[in-house]
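These notes are about the structure you will find just below.
The values are calculated or read from the model by the stated rules, or taken from the named source; none is laboratory data. Because the structure is a prediction, the values reported are computed rather than measured. Because the Cβ atoms are built from the backbone with ideal geometry, glycine has one as well, and the counts that use them run over all protein chains shown. Keep in mind that these areas ignore ligands, DNA and RNA; they rest on the heavy atoms of the full protein, side chains included. Shrake-Rupley method; radii C 1.70, N 1.55, O 1.52, S 1.80 Å.
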Amino acid sequence: MLDQLLPSQNLREALVAEAPNVPLAYLSAPAPNLARWPGALGLAYLQLSGAYADEAKEAEKLGWPIERLAGHHLSMITQPELVGASLLRLAAQLAD
């Protein structure tokens, strides 16, 4: 599957080399309840693909600025300019 998301062997090798080793307990721990984070932090959601539609809807219900891309889980590696531009737009909305 990784070769489908990252067709470039160089990108795949770089991703694997830079990926940290984490204990299994870290991966199975529940995520924090973001609804309780202080509003001063500025919260936004960048949906990278349709697989994250439910999360985007939840963020929308919470009133967060949202951007939706038609990419995949690793779009920040394969389309860094597109993802970066989206993040800058979201950050600008939070700064207003």
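Scanning segment 34-54 for residues that are loosely packed, with under 14 Cβ neighbours inside 10 Å and either of a type in the set (Gly, Ala, Ser) or at pLDDT 95 or above (or both) returns Ala35, Gly39, Ala40, Gly50, Ala51, Ala53, Asp54.
Could you go through segment 69-80 and let me know if any residue there is open to solvent by 70 Å² or more (accessible area, probe 1.4 Å) and touching a strand residue (DSSP E or B) at 6+ places or on another chain (Cβ under 6 Å). The answer is no, given that none of the residues of segment 69-80 is open to solvent by 70 Å² or more (accessible area, probe 1.4 Å) and touching a strand residue (DSSP E or B) at 6+ places or on another chain (Cβ under 6 Å). A count restricted to segment 13-23 and to residues that are under 18 Å from the mean Cα position of the chain (by Cα) and closer than 11 Å to Ile77 by Cβ stands at 2. As for segment 56-64, it holds no residue that is within 16 Å of the chain's Cα centre (by Cα), at pLDDT below 90 and surrounded by 10 or more Cβ atoms within 10 Å (Cβ to Cβ).
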